[in-house]
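Here's the structure, in structure tokens; my notes come after.
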Amino acid sequence: MNQLLSYFETRQTEIVNKISELVEIESPSFNISGSSQAVDWIETQAREISAEFQIERVFAEGCGEHLIIRAFPSDVKPVLLLGHTDTVHPIGTKTQNPTRIENGRLYGCGTFDMKAGCVLMLEVLRAFYALKLEPKRPVTILLSCDEEVGSKSGREIVEREAGKAEFCLVCEPSANGRVKTGRKGTGMFTLKTRGIPAHAGLEPEKGASAILEMSKQILNLHSLNDLSRGTTVNVCTIEGGTTSNVIPEHAVCSIDVRFTSITEAVRIENEIKNIIAFDERVSLEILGEINRPPMERSEKIVQLYEKARAIAASFGYELGETEVGGASDGNFVAALGIPVLDGLGVAGSGAHTLEEFILIDDVPKRATLLARLLLAE
Ligand SMILES: [Zn+2]
């Protein structure tokens, strides 16, 4: 079985070049042409590996394209390899974090989150063909195009494919190499306040400030934080007012909510949806909802992790686990009761920043681990 590790070691430079090519195609969420180009590239690679793959592209209005690749079909349940092609980096950002190799690291926008993971899935399939190995189960690769923005259109496909699968492996970024066996759930809300405008100098008493109301609401919202339960509520953006001498009529803020249990999710959602104005002349509007359920560290998840850890140990690779605050599409899978192991992507750091990179040395090990998980009983 070390045949796989040496195969990937021999192919390391080639694989890193492939990752660089995909990273060079900028594909921020909601950028349709970027999404299509990234999907084109992946489809071409897949067709080069085998003409037998069933490839399906699902166009999502205003969003991009989801991609499904089905390999090694049979009548047993497949394994779902899950990931996404969208990144958080707007077009042009690659000039600030150019795709390059430095000190054993491959830098670039979206390398770590998660274009290296996309390429890893393809390379594992390529290895099966090259080494004439057959995975225990059919393999379905699903790469969605709106994961970074809440999976509004991708969710349905993720849940559909996960529902058919025996288990799911998510090639999202690792946490310092550790896989993710628990993730917080997320909610995204918007609060809008609408007050009464007035001249700030001539008749301020006639105004009702949307910003003052918002400020009080923000303090209120932050008081919902309960770190001991793993619940966080943070106002992350704020905007308001028209100009400097007018009592502001409008303000708007976005609220990020994270939780480790559904009970907490419901509690916080109720609190947010039922807030009332401090100043009755100001009206409030609350939009948004709980988005991803938490991925709770279930027995099934632990079993899958233990299997991965044992496989990794067999070739001298130590695989740790951790629970994190960030959500992924793995959360939707876990909520269906399907065993899921997340964070199987290449080790690296700096997700969502301009310092994003992967560790080149980790590529063969991660690829071996993923391949062996598909070959194991
Ligand atoms: Zn990601």
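The values are calculated or read from the model by the stated rules, or taken from the named source; none is laboratory data. All of these numbers come straight from a predicted model, not from anything done at the bench. Positions of Cβ are generated from backbone atoms using ideal geometry, with glycine treated the same way; all protein chains shown enter the neighbour counts. Ligands, DNA and RNA are stripped out before the accessible areas are found, and what is left, the full protein with its side chains, is counted by its heavy atoms. Shrake-Rupley method; radii C 1.70, N 1.55, O 1.52, S 1.80 Å.
Miscellaneous remarks
- Dipole-positive endmost among Ala371, Thr263, Thr231 within the chain (Cβ charges, Cα centre): Ala371
- Charge dipole (Cα centre; +1 on Lys/Arg Cβ, -1 on Asp/Glu Cβ; no other charges) of segment 1-144 amounts to roughly 380 debye.
- Overall, the chain carries a charge dipole of about 780 debye about its Cα centre when +1 sits on the Cβ of Lys and Arg and -1 on the Cβ of Asp and Glu, all other atoms neutral.
- Proportion of all alpha-carbon pairs of the chain beyond 26 Å (%): 54 percent
- Once the 1.4 Å probe is applied to the protein heavy atoms, the chain comes out at 43 Å² accessible per residue.
- Estimated purely from DSSP H runs of n ≥ 4, each contributing -39500 (n - 2.57), the mean residue ellipticity at 222 nm for the chain is -10500 deg cm²/dmol once divided by its residues.
- Fraction of the pair-distance distribution of segment 222-377 above 26 Å, Cα-Cα pairs, percent: 48 percent
- With DNA, RNA and ligands ignored, accessible area of Ile275 (1.4 Å probe; Å², nearest 10): 30 Å²
- Put Ile276, Ile286 in order of accessible area, highest first, and with a 1.4 Å probe you get Ile276, Ile286.
- Cross-link pairs Lys300/Lys365; Lys152/Lys206; Lys18/Lys307; Lys18/Lys152; Lys77/Lys115 - those with Cα-Cα distance over 32 Å: Lys152/Lys206
- Relative to its residue count, segment 211-252 spans a Cα convex hull of 59 Å³ per residue.
- Electrostatic dipole magnitude of segment 68-173 [Cβ: Lys, Arg +1; Asp, Glu -1; Cα centre; debye, to 20]: 320 debye
- Annotation note: GluC sites (Glu not before Pro) in segment 130-185 located in DSSP loop regions with a Cβ neighbour count of at most 15 within 10 Å are Glu166.
- Most positive-pole-ward Cα, Gln217, Pro204, Val179, against dipole of segment 171-235 from beta carbon charges: Val179
- Taking all protein chains together, Glu269, Glu203 sort by accessible area into Glu203, Glu269, largest first [probe 1.4 Å].
- Carbon plus sulfur fraction of accessible area for the chain, probe 1.4 Å, in percent: 50 percent
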